[in-house]
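Notes to accompany the following structure.
Derivation of every value follows stated rules applied to the coordinates shown; laboratory data play no part. All values reported here derive from a predicted model rather than from experimental measurement. We place every Cβ from the backbone using ideal geometry, glycine too, and count neighbours over all the protein chains shown.
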Amino acid sequence: MEYYSSHINKLIEQLSRLPGIGAKSAQRLAFHILNMPTDQVAQLASAITDAKANVQYCKMCYTLTDQEICPICKNPGRDHKVIMVVENTRDLAAYEKTGKFDGVYHVLHGAISPMLGIGPDDIKLKELMQRLAQEEVEEVIIATNSSLEGETTAMYISKLIKPTGIRVSRIASGVPVGGDLEYIDEVTLLRALEGRVEL
Ligand code: ZN
């Protein structure tokens, strides 16, 4: 790509580091940005830096939020005795969109993957166990994806929790194998939640 200026190359290189953006898409986006009005580019850039500067982990559930404690954890109307464990904030949002789950969440920020070298210490699992030791919890619903990583994580978590006597369940396999929770429609998500099985 020597025929572009180094500034353009730098932009393309940064964009191509984003997930799902290949070299061609990165070029297309770069030229689109360069053709945008200056104030729009400034808005885009500041939206990125502002989000990064102001978004943090909720101190309780570890979802991404701009407050110390997220609105879900803060809500006294939610059932704090039921915790749904999800892989990421997007999965949490998918379940929130159904409006039918009134418990709280725990966001792992990943899943165990021996192949990718991601172990239990690389996700927010210690934090979950700390919560279970400190809070009065009746049920943990494991809603990790039905991928190999998601299943491995679910098994690992259930083995950790079992000795505590807290009920552990796994969402039903209404979720297609390998399916990412965020792409699944609300009806399927609800069915998976209602049909959850105890582990
Ligand atoms: Zn929270």
Every listed condition ((1) under 21 Å from ARG90 (Cα atoms); (2) free of Cβ contacts under 8 Å to residues at least 12 places away in the same chain) holds for ALA143 save (2)
Checked GLU136, GLU127, GLU149 against criteria (within 16 Å of the ligand (Cβ to nearest atom) and either exposed (fewer than 13 other Cβ atoms within 10 Å of the Cβ) or not in a loop (DSSP other than H, G, I, E, B) (or both)); the one match is GLU127
Among helices (runs of 4 or more DSSP H) entirely within region 26-122, at least 3 residues that are touching a strand residue (DSSP E or B) at 6+ places or on another chain (Cβ under 9 Å) and within 14 Å of the ligand (Cβ to nearest atom) occur in 71-74, 89-98
Log entry, pairs with first residue in region 72-85 being of a type in the set (Asp, Glu), second being surrounded by 13 or more Cβ atoms within 10 Å (Cβ to Cβ), beta carbons closer than 8 Å, six or more apart or on different chains, reads ASP79/GLY103; ASP79/VAL104
The condition of being surrounded by fewer than 11 Cβ atoms within 10 Å (Cβ to Cβ), within 18 Å of the chain's Cα centre (by Cα), without any contact (Cβ under 8 Å) to a residue 40 or more places away in the chain and within 30 Å of ARG170 (Cβ to Cβ) holds, among GLY20, GLY110, GLY117, only for GLY20
Checked against (1) touching a Pro at 6+ places or on another chain (Cβ under 7 Å); (2) of a type outside the set (Val, Ile, Thr); (3) not in a helix (DSSP H, G or I), TYR156 satisfies every condition except (3)
Pairs returned, first residue in region 38-60 that is under 26 Å from VAL104 (Cβ atoms), second residue that is away from the ligand (no atom under 16 Å from the Cβ), beta-carbon separation under 6 angstrom, 6 or more apart or interchain, are none
